[in-house]
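Here is the structure we will look at.
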Protein chains: 2
Amino acid sequence: MPQHQRPTKEEIIKAEQRIEGFVHETIILTSAKLNELAGAQLFFKAEHLQKGGSFKVRGATNAVQALSKDQIKNGVATHSSGNHAQALAIAAKTRNIPAYVVMPNNAPVVKVEAVKNYGAHIIFCVPTLAARETTLNEVVREKEAVFIPPYNHMDIIAGQATMMKQFTEQVPDMAAAFIPIGGGGLISGSLLAVHYFNSDVKIYGAEPKNADDAYQSWKANKLIPANNPDTIADGLKTSLGDLTFPIIAEGVEQIITVTETEIIEAMKLIFIYLKQVVEPSAAVPLAALLKEKANFRGMKVGLILCGGNVDLKKLPF
Amino acid sequence: MPQHQRPTKEEIIKAEQRIEGFVHETIILTSAKLNELAGAQLFFKAEHLQKGGSFKVRGATNAVQALSKDQIKNGVATHSSGNHAQALAIAAKTRNIPAYVVMPNNAPVVKVEAVKNYGAHIIFCVPTLAARETTLNEVVREKEAVFIPPYNHMDIIAGQATMMKQFTEQVPDMAAAFIPIGGGGLISGSLLAVHYFNSDVKIYGAEPKNADDAYQSWKANKLIPANNPDTIADGLKTSLGDLTFPIIAEGVEQIITVTETEIIEAMKLIFIYLKQVVEPSAAVPLAALLKEKANFRGMKVGLILCGGNVDLKKLPF
């Protein structure tokens, strides 16, 4: 796919066809108690039950499947200590090619083990952005592997768009959807999916106050990267990219930021009432909805449980 | 239903019709990673996502729905500090009648609050078996309420039987199913369901070693009550009843006991790989299967996630 401004409708349909069979069509969960608390009808898309424990496998699989046999014969590479690393390892297996993942040498052992378990080769580097990029470049050059970035890439955005396309098919008449914002791959894909396939759904971004680069960028109408953010929602620390930002700026209804306490409280509600194990990032949409619930009374609202890769030893309750 | 030896096939079909619409048809969950660990194809029935957070609402609803309007007009009563209390509160709502629940005055606040939230009237007593029974008798007499026991009751057994009937319909060719044993309502119902509807499924009981009255009773072929058992699987402390024991003794393939460490390890696997929040009792079947996995290689095995009511502050990891 050419790296033009944004994926077309056809490219999202094509992505859905490419990844079919390689990813789960995840279920929708509901809770009478959470509906009562919110005063709305909530539908949670269980992407934490997706392969690799997050939606990331959609984009990674689309990107890997989009490449020709010749392009991809030496494998794929990325730098990530998060869900994209596992997703790329899974995607690489669908083509029987190696995945090389550059990780900082202070990455938590559980994350390293998870990525190893999915069959990726891990290359450690010192924990700086510069070292990460240098090491990745070396790996790409030495192995002749193709770099698959975590979000700022058209095939990744098209792959993530399939989540929202399916979600609106599963929940007709959805009035609004709350999407967490990290690098912006999921929300930009969701905005495109709604734009092409169901323009009635309003998309709200949900972001930790402690990592509010999307909120700041949206307000200022220019890309403002995060400055070493610190939040329990570790999947949402990344800054928007130059491909994801314009799509968000153009289409998002509002970006709602939430405190650490609000994230933990929402996470607790998901554990207790949905009985789902999710990572803190997946609680950010519910936290945002509860904060603004006066504006959604009685509506059908979609929320994404974006991932479930949490260290049980570090649960905040 | 007369309190004869055991529910008939027709009574289980009738129970299923009675509770339809009042309970969820719960989903089946799977995990490639757990299949790999077990060397078998595992199917988990998500009764922790049932109304009230456990399968108990099946039996309670059947018992409450089976009574005539006149019989039940003054409400229902039980003694329980566990899932049956919530289940009865929910069942009583289906008939618009009060539910009275006798609870020990040292019951955890979270449990008391949960039962209150479902609309039951709570009557506290001192925490002895004698006080519990005396208080219940008083409530039954004063309120003219009908006592609905937690497991040793034919309508309860018939109601719980619907779980296994549906499970075998959802997973054809299941070779074996692992059922946790507390008072024996779920496993005796499951044995009857398999006997009447699908005689090919072998039923294995799973019990904590620290509360192994069913194992001891099965070995000795006579009812041996537990003596003040102590296990993290608090839903399985109760002893078998005179209605549940004979059904189990006759039909169960084997009863497998597991240590506290094995229960916690299995619970951790369910949190990490199924990403489900379950109570310790719900991990006992997986613990038992993993212990005996050499005998189930390659088979389709059903496991019941019986409940999800766990105090997040007391997770054992």
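The values are calculated or read from the model by the stated rules, or taken from the named source; none is laboratory data. In this text the structure is predicted, and so the values were computed from the model without any measurement. Cβ coordinates were reconstructed from backbone atoms using ideal geometry, including for glycine residues, and neighbour counts include every protein chain displayed. Ligands, DNA and RNA are excluded from the accessible area calculation, which covers all protein heavy atoms including side chains. Shrake-Rupley method; radii C 1.70, N 1.55, O 1.52, S 1.80 Å.
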*How about region B:259-280: which of its residues are away from every other protein chain (no Cβ under 14 Å) and among the polar types (S, T, N, Q)?*
B:THR259, B:THR261
*Yes or no: A:VAL301 surrounded by 18 or more Cβ atoms within 10 Å (Cβ to Cβ) and within 14 Å of another protein chain (Cβ to nearest Cβ)?*
no
*From the list A:GLU47, A:GLU20, which one is of a type outside the set (Ser, Thr, Tyr), over 15 Å from the mean Cα position of the chain (by Cα), assigned by TED's automatic domain parsing to the domain that holds A:ALA175 and modelled with pLDDT of 95 or more?*
A:GLU20
*Of the residues A:ALA87, A:ALA40, which single one is among the aliphatic types (A, V, I, L, M) and over 16 Å from A:ALA15 (Cβ atoms)?*
A:ALA40
*Starting from region B:58-72, take each residue that is under 9 Å from B:ALA92 (Cα atoms) and outside the structural domain of B:GLU20 (by TED's automatic domain parsing) and list its partners that are in a helix (DSSP H, G or I) and β-branched (Val, Ile, Thr), counting only C-beta distances under 6 angstrom and pairs at least six apart or across chains.*
B:THR61/B:ILE19
*Could you check A:HIS121 against (1) open to solvent by 40 Å² or more (accessible area, probe 1.4 Å); (2) more than 16 Å from A:LYS143 (Cβ to Cβ) and say which number it fails?*
(2)
_Wholly enclosed helices (runs of 4 or more DSSP H) of region B:207-317 bearing at least 1 residues closer than 27 Å to A:GLU113 by Cβ and in contact (Cβ under 8 Å) with a residue 60 or more places away in the chain_ = B:260-269, B:284-291
*When you scan region A:85-105, how many residues do you find that are small (Gly, Ala, Ser) and part of a strand (DSSP E or B)?*
1
*Give the residue, chosen from B:ILE263, B:ILE224, B:ILE272, B:ILE232, that is open to solvent by less than 20 Å² (accessible area, probe 1.4 Å) and not small (Gly, Ala, Ser).*
B:ILE263
_Kindly evaluate A:HIS79 against the criterion of being within 20 Å of the chain's Cα centre (by Cα) and open to solvent by less than 20 Å² (accessible area, probe 1.4 Å)._
no
*Subset of region B:192-221 that is of a type in the set (S, T, N, Q) and modelled with pLDDT of 95 or more - its residue that is surrounded by the fewest Cβ atoms within 10 Å (Cβ to Cβ)*: B:ASN221
*Which one of A:VAL252, A:VAL284 is open to solvent by 10 Å² or more (accessible area, probe 1.4 Å), touching a strand residue (DSSP E or B) at 6+ places or on another chain (Cβ under 6 Å) and either aliphatic (A, V, I, L, M) or within 9 Å of chain B (Cβ to nearest Cβ) (or both)?*
A:VAL252
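Do we find a residue being of a type in the set (Val, Ile, Thr) and open to solvent by 30 Å² or more (accessible area, probe 1.4 Å) anywhere in region A:82-96?
Scanning region A:82-96 turns up at least one residue that is of a type in the set (Val, Ile, Thr) and open to solvent by 30 Å² or more (accessible area, probe 1.4 Å).
Which residues, counting only those in region A:59-76, are outside any helix (DSSP H, G or I), open to solvent by 40 Å² or more (accessible area, probe 1.4 Å) and not hydroxyl-bearing (Ser, Thr, Tyr)?
Passing the criteria: A:LYS69, A:ASP70, A:GLN71, A:LYS73, A:ASN74.
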_Within region A:207-230, does at least one residue satisfy the condition of being within 14 Å of chain B (Cβ to nearest Cβ) and under 21 Å from A:PHE317 (Cβ atoms)?_
no
*With (1) open to solvent by 10 Å² or more (accessible area, probe 1.4 Å); (2) outside the structural domain of B:THR168 (by TED's automatic domain parsing); (3) of a type in the set (S, T, N, Q) as the list, and B:ASN35 as the residue in question, which single condition is left unmet?*
(2)
*Would you be able to tell me the number of residues in region B:83-109 that are more than 19 Å from B:ASN137 (Cα to Cα) and either under 18 Å from the mean Cα position of the chain (by Cα) or assigned by TED's automatic domain parsing to the domain that holds B:GLY308 (or both)?*
5
*Can you name every residue in region B:21-58 that is under 21 Å from B:ALA158 (Cβ atoms), of a type in the set (D, E, K, R) and either within 12 Å of chain A (Cβ to nearest Cβ) or assigned to a strand (DSSP E or B) (or both)?*
B:LYS45, B:GLU47, B:LYS51
*Among (1) touching a helix residue (DSSP H, G or I) at 6+ places or on another chain (Cβ under 9 Å); (2) open to solvent by 40 Å² or more (accessible area, probe 1.4 Å); (3) of a type in the set (A, V, I, L, M, F, W, C), where does B:VAL109 come up short?*
(1)
*Which condition number does B:LEU186 fail, the rest of (1) over 30 Å from A:HIS48 (Cβ atoms); (2) within 18 Å of the chain's Cα centre (by Cα) being met?*
(1)
*Only one of A:GLU169, A:GLU142, A:GLU138, A:GLU207 is within 26 Å of A:VAL258 (Cα to Cα) and of a type in the set (Asp, Glu); which?*
A:GLU207
